[in-house]
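Here's the structure we're looking at; comments come further down.
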Amino acid sequence: MRAYPPIGGIRTVEEFKKHLVVLDLSIPCDVELQTGPESTLAQPIKLNDKSIGNRFCIHPMEGWDGTADGKPSEATIRRWRNFGLSGAKLIWGGEAVAVRHDGRANPNQLLMSEANKSGLAELRDAVLNAHREVADTTDDLLIGLQLTHSGRFSRPNQKTKPEPRILYHHPTLDARVGVDEKHPLLTDGEIREIIDDFLFAARVADELGFDFVDIKHCHGYLGHEFLSAHTREGLYGGSFENRTRFLREITAGIRSIAPRLQIGVRVSGFDLVSFRPDPESTSDRQMGIGVPDRYENILPYRFGFGVNTEQPERYDLTEPGQFLGLLRELDIKLVNITAGSPYYNPHIQRPALYPPSDGYQPPEDPLMGVARQMDATRALKQEFPDLILVGTAYTYLQEFLPYVAQAAVREGWADSIGLGRMVLSYPELPLDVISGRVLTHKKICRTFSDCTTAPRNGLASGCYPLDGYYKQSADGEKLKQIKAAKRAAR
């Protein structure tokens, strides 16, 4: 089994930079941090007539902990309150809110409906009220709501029962969600109904005072699947124009019914072929190393977006660049760049040394995954300097995150630094960095992946190793038992 040096074992920034040289990775990293209002990460971003107060962004972080009818729970409100306490000035969507029941990724995902409007308003208020406790103003705070349909990965009624809604048949992913060749595709008429649901959700978000909505196009969910629907026939598949019709029709509808509302898009800027654990490297102690699904018989590979069609273990930014060009034409300036999917290539999507329970051992040093996403974001930012690009995959950097973040913004690799898993364990990190406070090392996310293992096993998502709220909960005890049982079964 391959072993990669834990980044937590590197003690100084100088040692970290030397380690990057050894790995031959191009990751910018400053040696000293700037602090205070004149620092790089404290600089505002101009969005039309709005000023976003600093360069930190909180990614959409789902807890899988809403009520059965899609309302926020106490844990949901606590998480959003932490977003406000972070000091970050861009709250990207808060978390994914399903626009209709059959598009929920799990039976506890938040759901847009008339009955749930007050609960969603409470989440926005939680961010605002918490932010007032740590910041001088909320005038430069931008709060969004991420709107989604989970498509292929829908599980609206039972956590263990996939109920996929698909746009086309995928040669490696169909079997993972129980789809056979007879499984029906979403019709063009059903797609138009989903578009109407997105428009209803956007209208509600506007009424509740959210600054923008994110039309989610990432991680294998429905919006992302549209971008890879090369083999689909009809108005929503095949050509680039057809594969982006879903986004264009939603955008036009929002501009008509809620002209005040800004629009953002979180997009998997590239994807790779799906991966699985290698059975030959699986042992009684741990799962196997990730290896790509066989693709020799399906070349050219026409089942991805931003994938090299002849070598689908590599990315190709040709169409992603075309997509950002479309966003520019649509006057969509907020773009959050991520990659891949947590369901079929998590080492691409969120680099980690420790895999979730349904994952695989990393097939590369996770720093390579960080570098891959950063480099792709840099390339897109260079091509579209007028768009506001949020970067992803920074959490694995741990203690060195601020040094890399500062260099990335200063050198123009990204406009804003997005934080996901790190916020679950250490929500105050942005404020600590800008204020010049010493980082609280015991709060830094070590990418143990329990925040993914828990929901994969029907529990709420949270930082079970470092956050006492989860560690000492009933779910925390259940998670220990589940992990122990899985180890014993290997």
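Out of curiosity, is Leu261 modelled with pLDDT of 95 or more, within 18 Å of Asp331 (Cβ to Cβ) and under 23 Å from the mean Cα position of the chain (by Cα)? Yes, satisfied. Checked against the criterion of being closer than 30 Å to Arg294 by Cα and free of Cβ contacts under 8 Å to residues at least 40 places away in the same chain, the candidates Pro171, Pro162 yield just one match: Pro162.
Of all residues in the range 430-452, those satisfying the criterion of being touching a residue at least 40 places away in the same chain (Cβ under 8 Å), among the hydrophobic types (A, V, I, L, M, F, W, C) and touching a helix residue (DSSP H, G or I) at 6+ places or on another chain (Cβ under 8 Å) are Leu431, Val433, Ile434, Leu439, Ile444, Cys445. Close Cβ contacts (under 9 Å, 6 or more residues apart or on different chains) running from residues in the range 45-69 that are basic (Lys, Arg) to residues that are in a strand (DSSP E or B) comprise Lys46/Ile52; Lys46/Ile388; Lys50/Leu142; Lys50/Gln262; Arg55/Ile45; Arg55/Leu90; Arg55/Ser416; Arg55/Ile417.
Among the residues of the range 129-158, those that are part of a loop (DSSP other than H, G, I, E, B) and aliphatic (A, V, I, L, M) comprise Ala135, Leu141. Within the range 183-227, if we keep just the residues that are in a loop (DSSP other than H, G, I, E, B) and of a type in the set (A, V, I, L, M, F, W, C), the residue that is surrounded by the fewest Cβ atoms within 10 Å (Cβ to Cβ) turns out to be Leu208.
Once the range 1-18 is narrowed to residues that are in contact (Cβ under 8 Å) with a residue 40 or more places away in the chain and closer than 24 Å to Gly412 by Cα, the residue that is surrounded by the most Cβ atoms within 10 Å (Cβ to Cβ) is Phe16. For the range 293-305, the set of residues classified as surrounded by 17 or more Cβ atoms within 10 Å (Cβ to Cβ) and free of Cβ contacts under 8 Å to residues at least 40 places away in the same chain consists of Tyr301 only. None of Pro465, Pro455, Pro427 is outside any helix (DSSP H, G or I), at negative phi and in contact (Cβ under 8 Å) with a residue 60 or more places away in the chain except Pro427.
Return the only residue of Glu38, Glu32 being touching a helix residue (DSSP H, G or I) at 6+ places or on another chain (Cβ under 9 Å), assigned to a loop (DSSP other than H, G, I, E, B) and either under 22 Å from Gly418 (Cα atoms) or free of Cβ contacts under 8 Å to residues at least 12 places away in the same chain (or both).
Working: Glu38 fails: touching a helix residue (DSSP H, G or I) at 6+ places or on another chain (Cβ under 9 Å).
Unique residue meeting the criteria: Glu32.
For the range 361-419, enumerate the residues that are within 21 Å of Thr453 (Cα to Cα) and either part of a strand (DSSP E or B) or free of Cβ contacts under 8 Å to residues at least 12 places away in the same chain (or both). Listed by number, the residues that qualify are Gln361, Leu419.
The values are calculated or read from the model by the stated rules, or taken from the named source; none is laboratory data. On a predicted model such as this, the values are computed, not experimentally measured, just so you know. All Cβ positions, glycine included, derive from the backbone under ideal geometry; neighbour counts span all protein chains shown.
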